[in-house]
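Below is one structure. I have some questions about it.
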Amino acid sequence: MNPMLNIARQAALNAGDIIVRNINRLQRMQVTKKGRNDYVTEVDRLAEQEIIGTIRHSYPDHAFLAEESGQSGESDLVWIIDPLDGTTNYLHGFPVFAVSIALQINGRLECGLIYDVMRQEIFEASRGQGAKVDGHRIRVSKQAGLQGALIGTGFPFRNNNRWLDEYMEMLKAVIKSASGIRRPGAAALDLAYVAAGRLDGFWETGLSPWDMAAGTLIIREAGGFVTDFSGGETFLESGNIIAGNPKVYKELMKTIHPHLGALGAL
Ligand code: IPD
Ligand code: CA
Ligand code: CA
């Protein structure tokens, strides 16, 4: 077992305690507005501090890229952290949110962990060692194509809605081909569900590295494909991501491609 994944698990569980403990207190908590449609709660910050503190305790020299505190430290080993993915859900008491923690070494994802706080499921992977949920091996689905497939996505929001028109065209095309579309509201969990075969594919535009880092490694270790919209590796930078089991990935790419417009060049 990768010792760094053990630390990530401990950090996620600690953060999960903070997130759960505060659910009932949420109405009374101070909430600040950040950007359009984006709220950061006190819980985000507390959970992130807890994660970074737990990891630093074991690895004082490692660096961090975290949603709330940004970049800190200088190292070839960088922890990429979303302390609470699905903040809007959390604020509304919609029980779909997760903690996402990944470790990159020299730019390559080495391990990733996503903790579904409400269901208490832990999805995790170390490079080359497969993917697991709660210790059991997971694989992407065997769905043979888009017909009959359940596809996850995220509707554009924040500044990202400049791609709304392109997105709506992609959505229409996928709705016509797939058996169902879901927008649960926590991208990290959507990716974990692709890895576990609960979703057959997923696409979204304008994500941040901390939404995707852990999930993309977990999908690849579960036998799935993950790329940007050109079939390349720049999804952590561009924020545009498409994933799925190999067959659904291929058809999903073919379906959204004609509607990318200027997005295709990013
Ligand atoms: C958001 C969620 C959502 C996705 C957004 C993300 P946050 O993360 O992952 O599903 O559509 O683009 O920003 O802000 O709740 O951590
Ligand atoms: Ca997020
Ligand atoms: Ca977040």
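Throughout, read-outs are computed from the coordinates displayed, never taken from laboratory work. All figures in this text were calculated on a predicted structure; none of them were measured in a lab. Note that we place each Cβ from the backbone using ideal geometry, even for glycine, and neighbour counts take in every protein chain shown.
What share of all Cα pairs of the range 198-266, in percent, falls into each consecutive 5 Å distance bin?
Taking all Cα pairs of the range 198-266, the binned fractions are 3, 18, 32, 26, 15, 4, 0 percent.
I want to verify a result. In a Gaussian network model of the chain, Cα cutoff 10 Å, which of these has the top mean-square fluctuation: K132, K247, K172?
Largest GNM mean-square fluctuation: K172.
Separate question: Cβ under 13 Å from G152's Cβ, G152 left aside: what net charge do those residues give with Lys, Arg +1 and Asp, Glu -1?
Values: positive: R182, R183, R198; negative: D190, D200, E204, D211.
Charge balance near G152 sits at -1.
Hey, another quick one. Taking the Cα of S75, stepping 7 Å toward and past its beta carbon, and measuring to each backbone N in the range 43-64: which are under 20 Å?
Under 20 Å, as judged by backbone N against the label point of S75, lie 47-64 of the range 43-64.
To the nearest 0.05, how large is the calculated FRET efficiency for N14 and I181 if R₀ is 41 Å and r is the Cβ-Cβ distance? List each step's numbers first, then the result.
Working: r = 34 Å, r/R0 = 0.84.
Taking R0 as 41 Å, the efficiency between N14 and I181 is 0.75.
Would you mind telling me which residue in G244, G197, G128 has the biggest mean-square fluctuation in a Gaussian network model of the chain, where springs connect alpha carbons within a distance under 10 angstrom?
Maximum among the listed residues: G128.
From the gyration tensor of the Cα coordinates in the chain, what semi-axes in whole Å does the equivalent ellipsoid have, largest first, with each one equal to sqrt(5λ)? Display every interim value, and only then the final one.
Working: eigenvalues 155, 89, 61 Å².
Calculated on Cα positions only, the semi-axes equal 28, 21, 17 Å.
Moving on. How far is the Cα center of the range 84-150 from the Cα center of the range 1-25, in Å?
For the range 84-150 versus the range 1-25, the Cα centre distance is 14 Å.
Indicate, rounded to the nearest 5 percent, the antiparallel portion of the DSSP beta bridges found entirely in the range 94-192. Could you put the intermediate results ahead of the total?
Values: 20 of 23 bridges.
Antiparallel bridges make up about 85 percent of those DSSP assigns within the range 94-192.
Taking every DSSP beta bridge with both residues inside the chain, roughly what % is antiparallel (nearest 5)?
On the way: 40 of 50 bridges.
If we restrict to bridges inside the chain, about 80 percent are antiparallel.
What does the charge count near I52 come to, summing +1 for each Lys or Arg and -1 for each Asp or Glu among other residues with Cβ under 13 Å from its Cβ?
Values: positive: R45, R56; negative: D44, E48, E50, E67, E68, D82.
Combined, the nearby Lys, Arg, Asp and Glu give -4.
I'd like to compare 64-71, 214-221, 53-60: which one has the highest average count of other Cβ atoms within 10 Å, and what's the full order after that? Don't jump to the answer; show the numbers that get you there.
Numbers: 64-71: 16.4, 214-221: 28.2, 53-60: 14.8.
Highest to lowest by the protection proxy: 214-221, 64-71, 53-60.
For G112, what charge total do you get from the other residues with a beta carbon under 10 Å from its beta carbon, if Lys and Arg give +1 and Asp and Glu give -1?
So the surrounding residues net to -1.
If you don't mind, there's one more thing I want to ask. From the phi of every residue in the range 130-137, what ³J(HN,Hα) in whole Hz does the Karplus formula 6.51 cos²θ - 1.76 cosθ + 1.60 yield, where θ is phi - 60° and glycine or proline is x?
Along the range 130-137, the couplings run x, 10, 9, 10, 6, x, 9, 4 Hz.
Which value in nm describes the separation of the simple spin-label points at R127 and L164, placed 7 Å from the Cα toward the beta carbon?
Taking the simple label geometry, R127 and L164 are separated by 4.0 nm.
Roughly how many debye, to the nearest 20, is the charge dipole of the chain about its Cα centre, given +1 on each Lys and Arg Cβ, -1 on each Asp and Glu Cβ, and no other charges?
Working: 27 positive and 30 negative charges, 168 e Å.
Using Cβ point charges on Lys, Arg, Asp and Glu, the chain gives about 800 debye.
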